[in-house]
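I have placed the structure first, in the form of structure tokens, so that the comments after it can refer back to it.
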Amino acid sequence: MGGLHAKRKAITIWFGNTRIVLRENNRIVRMDNAKLRLAHPVRVVKGDWMVPTEFLTSVLPTLLNQPVRYRVADRQVLIGNVHPNTFSVAASAVPHGTELTFRFTQPIQLQTAARNGKWVIFLGSHPVESTQSAFRFANSYVPEARFDDQDGIPKLILTPSSVGLDFFPSLTGGGRVLVALVKQPPPSPASRPQPTGNVARPLAATGQSAATLPQAATAVPPIIASPTLPVVVLDAGHGGTDDGARGENGLLEKNLTAELVARVRVALLASGKYKVVLTRVGDVNLSSNQRDVIANLAHPLAFISFHAGNMGLAIPRINVYSYAPSSPPDPNLMGAESPLFVPWNQVQLAYAAESQQLALDLQQQLEATTHEAGSKPWQVPVRVLRSVAAPAVAIEVGSLAPDTNPTPLTNPTFQNQIAIGVVMALAAFQAGAS
Amino acid sequence: MSRRVALFSILTAVVLVGAFFYLLRLKRLTFAPQSPKAEATARTKLREAALEPASGPTQLVTLYFPSYAEGLLRPETRPLALAANDTDRIKQIVLALIEGSQQGLGSVLPPTATLRAVFLTADGTAFLDFSQDALTNFPPGIESESLAVYSIVDSLAVNVPDVKRVQFLIQGQQAHTLAGHISLSGYFVPDSSLIAPSQ
């Protein structure tokens with residue numbers, strides 16, 4: 001944007017050499033000498049100028065000299081010649097179950113996981129466009145499937161109606177047809193059918209939260225690459241109605257942390273040395289306690305929480321934090337009567353030294369990969385680290401504040417440097433621990 | 001006819017001059033930033049409130065403000081006529097912190113933040129009850145929240161020796177976090193590790 005000139009009832013904006021004039025409660029948009037009529041008038045709400053969504057597709061293409069499409073279903077804007085994968089859904093009844101068939105226009109890569117009592121089907125890295133965000137089915141096995149790509153990772157989230165159902169995802173038709181078979185398991189585990197060929201093993205909805213843990217979760221383990229690899233839990237801070245910090249251009253902390261986690265996840269999986277568990281999948285509300293429960297059930301090598309916040313005017317900056325209580329814990333409340341139990345708010349204390357070492361490794365490696373000199377790791381009472389039963393740290397990038405342009409934080413190069421730094425730091429941490 | 005023309009000309013001139021001054025004023029109103037004015041008013045109120053209970057002799061107090069460039073707290077001294085009793089002193093220190101740095105350091109809490117009540121118990125625990133406004137306009141972040149909390153705790157500890165620890169309350173309740181990151185569920189003891197070494 002080249003400039004902005006606000007009057008009482010009109011605003012003039014310059015994009016390069018193009019001048020746009022908007023008037024309050026007026027449908028006419030002037031672009032240089034041309035007039036454009038919008039279906040709805042421009043509004044001013046609490047000092048903010050609001051344009052109707054059609055502004056995106058009618059005015060932006062001229063300004064950007066690129067095609068622009070607006071996805072109504074998930075309110076996303078696609079700029080450029082992006083041709084997302086699309087799909088149709090059909091459900092059919094099978095004995096003791098249901099079969100959901102997703103037909104894609106382009107091949108997908110299938111990867112599945114079980115989270116919070118739901119099945120998550122990751123659809124690869126190519127953008128996927130969905131006509132709607134939720135699909136409802138009239139059956140007693142999977143009443144709902146949701147599409148989500150808020151964190152940059154397109155995925156389908158299937159919600160089983162009850163615990164203990166078996167889930168057989170498979171890919172056919174050259175990778176274009178995804179069949180999700182959901183069945184009631186036979187009464188006796190001994191007679192349970194063993195899928196063969198290209199049909200996946202059953203994936204039980206192993207909820208990470210105790211409240212939603214299906215009964216069969218312990219009987220059938222989830223599909224994960226190798227049982228011997230250490231788990232790293234990645235936590236994208238905030239989410240849902242909790243936006244977190246906000247940058248000058250409207251960038252929200254919850255979206256930035258989801259982006260960072262997506263990149264770190266890819267880097268960790270690419271290393272072939274770790275399994276990755278995400279606390280937050282999609283744009284959902286998750287309390288600190290829920291995040292900590294997810295981490296503790298995974299028995300991870302490390303828990304890394306990503307944040308972005310106000311860090312002054314210098315940008316980009318990276319700080320690493322481990323947990324320290326705000327005051328020394330009362331020795332009388334340290335579980336003396338029942339040493340087998342640790343108070344929930346003191347779980348992390350037993351891992352303080354390891355967490356500090358991990359924070360130091362991260363600070364050094366992030367400094368090496370991003371070339372941004374960070375301050376030495378802090379020990380402060382970061383709420384989300386408080387009850388993690390593993391080495392746990394928080395990484396904060398900044399500055400993300402209303403008076404700072406956060407563009408450097410969304411730079412893919414910078415984000416990839418962070419991802420590489422995390423992989424290197426975990427390797428150093430493991431080497432030190434061994 | 002000529003009289004009518006003269007009258008019309010005079011009226012037109014008056015209208016044009018009036019319109020010119022009106023537009024000039026409108027321009028000033030439209031482009032003058034509104035928030036600094038509101039902030040200045042809030043700051044003035046705070047300053048008055050901070051100085052109101054002064055009864056003792058003026059003395060130099062040390063206040064710690066965030067230095068985001070260093071990611072640390074920097075001390076700033078200023079003369080303040082401190083009240084005789086600890087509770088009023090605590091109020092004065094906190095309000096002086098909210099009022100902001102006079103040396104261009106970062107702000108601790110938004111100028112609109114209100115300290116609703118202060119209690120100091122016999123064991124040296126200061127309960128500071130802030131209004132919800134303290135959170136509404138606070139730019140969140142682990143660093144910013146840590147610096148805000150410890151600027152208050154460390155400033156109180158150095159200026160009111162009876163304060164051994166601080167418990168933060170929001171609207172009379174214990175809050176989970178200040179603005180989403182730093183836990184406020186426990187007491188805070190002073191932490192000098194966040195104070196920049198003297199140059």
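If packing is taken as the average number of other Cβ atoms within 10 Å across a peptide's residues, how do A:233-240, A:32-39 rank, most packed first? It would help to have the intermediate numbers written out before the result.
Values: A:233-240: 25.9, A:32-39: 10.9.
Answer by packing, highest mean first, reads A:233-240, A:32-39.
Over the stretch B:35-194, what is the percentage of antiparallel beta bridges among all DSSP beta bridges, to the nearest 5?
Values: 18 of 24 bridges.
Counting DSSP beta bridges with both partners in the stretch B:35-194, the antiparallel share is about 75 percent.
With label points built 7 Å along Cα→Cβ from the Cα atoms of A:Ala373 and A:Thr131, find their separation and express it in nm.
The two pseudo-label positions are separated by 5.8 nm.
Once the piece of chain linking B:Thr12 and B:Arg25 is laid out straight, how much longer is it, given 0.36 nm per residue of separation minus the C-alpha distance between them? Please list the in-between numbers first.
Details: separation 13, 0.36 × 13 = 4.68 nm, distance 1.98 nm.
Additional length available on full extension: 2.7 nm.
How many percent of the accessible area of the stretch B:35-194 is carbon or sulfur, using a 1.4 Å probe? Walk me through the intermediate numbers first.
Details: 3420 of 6550 Å².
Here carbon and sulfur together make up 52 percent of the probe-accessible area.
Between A:Thr413 and A:Leu4, with labels modelled 7 Å along Cα→Cβ, what's the label distance in nm to one decimal, could you check?
Label-label distance for A:Thr413 and A:Leu4, simple model: 2.7 nm.
Please compare each pair in A:Lys35/A:Lys254; A:Lys155/A:Lys183; A:Lys118/A:Lys275; A:Lys155/A:Lys254; A:Lys155/A:Lys273 to a cut-off of 29 Å on the Cα-Cα distance and tell me which ones are over it. It would help to have the intermediate numbers written out before the result.
Numbers: A:Lys35/A:Lys254 38 Å; A:Lys155/A:Lys183 21 Å; A:Lys118/A:Lys275 19 Å; A:Lys155/A:Lys254 18 Å; A:Lys155/A:Lys273 24 Å.
Too far apart for the 29 Å limit: A:Lys35/A:Lys254.
Determine the gain in length on full extension of the stretch A:Ala39-A:Glu144; use 0.36 nm per residue of separation and subtract their C-alpha separation, reporting nm with one decimal.
Numbers: separation 105, 0.36 × 105 = 37.80 nm, distance 3.45 nm.
Full extension from A:Ala39 to A:Glu144 adds 34.3 nm.
Would you tally the net charge around A:Val388, using a Cβ to Cβ cut-off of less than 10 Å, leaving A:Val388 out, and scoring K and R as +1, D and E as -1?
Numbers: positive: A:Arg291, A:Arg386; negative: A:Asp235, A:Asp292.
Net charge around A:Val388: 0.
For the peptides A:136-146, A:313-323, what is the packing order when you average, over each peptide's residues, the other Cβ atoms within 10 Å and list the highest mean first?
Values: A:136-146: 16.5, A:313-323: 22.3.
Per-residue mean Cβ counts within 10 Å order the peptides as A:313-323, A:136-146.
Just to be sure I understand: if you take the accessible area of chain B alone plus chain A alone and subtract the pair, with a 1.4 Å probe, what total do you get in Å², rounded to 100? Can you show the working numbers first?
Details: alone 11430 and 21320 Å², together 30620 Å².
Answer for the B-A pair: about 2100 Å² buried.
Express the accessible area of the stretch A:1-49 per residue in Å², computed with a 1.4 Å probe while the remaining protein chains stay in the model. Before the final figure, lay out each step's value.
Values: 3440 Å² over 49 residues.
On a per-residue basis, 70 Å².
Give the average, rounded to an integer, of partner chain Cβ atoms located within 10 angstrom of each Cβ in B:174-186. Before the final figure, lay out each step's value.
Numbers: counts 0, 0, 4, 5, 1, 4, 12, 17, 6, 12, 3, 6, 9.
Going residue by residue through B:174-186 and averaging, the value is 6.
Any residues in the stretch A:284-312 that have 20 Å² or more less accessible area with all protein chains than in their chain alone, probe 1.4 Å, and which are they?
A:His307, A:Asn310, A:Gly312
Which parts of the stretch B:70-86 would a label at B:Gln102 reach, counting a residue when its backbone N lies under 13 Å from a point 7 Å out along Cα-to-Cβ?
Label zone hits: B:76-81.
Could you work out the local net charge near A:Glu144, counting Lys and Arg as +1, Asp and Glu as -1, over the other residues with Cβ closer than 10 Å to its Cβ?
Details: positive: A:Lys118, A:Arg136, A:Arg146; negative: none.
Net charge around A:Glu144: +3.
Taking R0 as 30 Å, what FRET efficiency do you get between A:Gln430 and A:Val177 from their Cβ-Cβ distance, rounded to the nearest 0.05?
Working: r = 40 Å, r/R0 = 1.35.
Approximately 0.15, to the nearest 0.05.
At 7 Å along Cα-to-Cβ for each site, give me the label-to-label distance between A:Ser271 and A:Ala352 in nm.
That separation, rounded to one decimal, is 2.7 nm.
The values are calculated or read from the model by the stated rules, or taken from the named source; none is laboratory data. All values derive from a computational prediction rather than experimental measurement. Here the Cβ is made from the backbone with ideal geometry for all residues, glycine too, and neighbour counts use every protein chain on show. All accessible areas refer to the heavy atoms of the entire protein, side chains included, with ligands and DNA or RNA removed. Shrake-Rupley method; radii C 1.70, N 1.55, O 1.52, S 1.80 Å.
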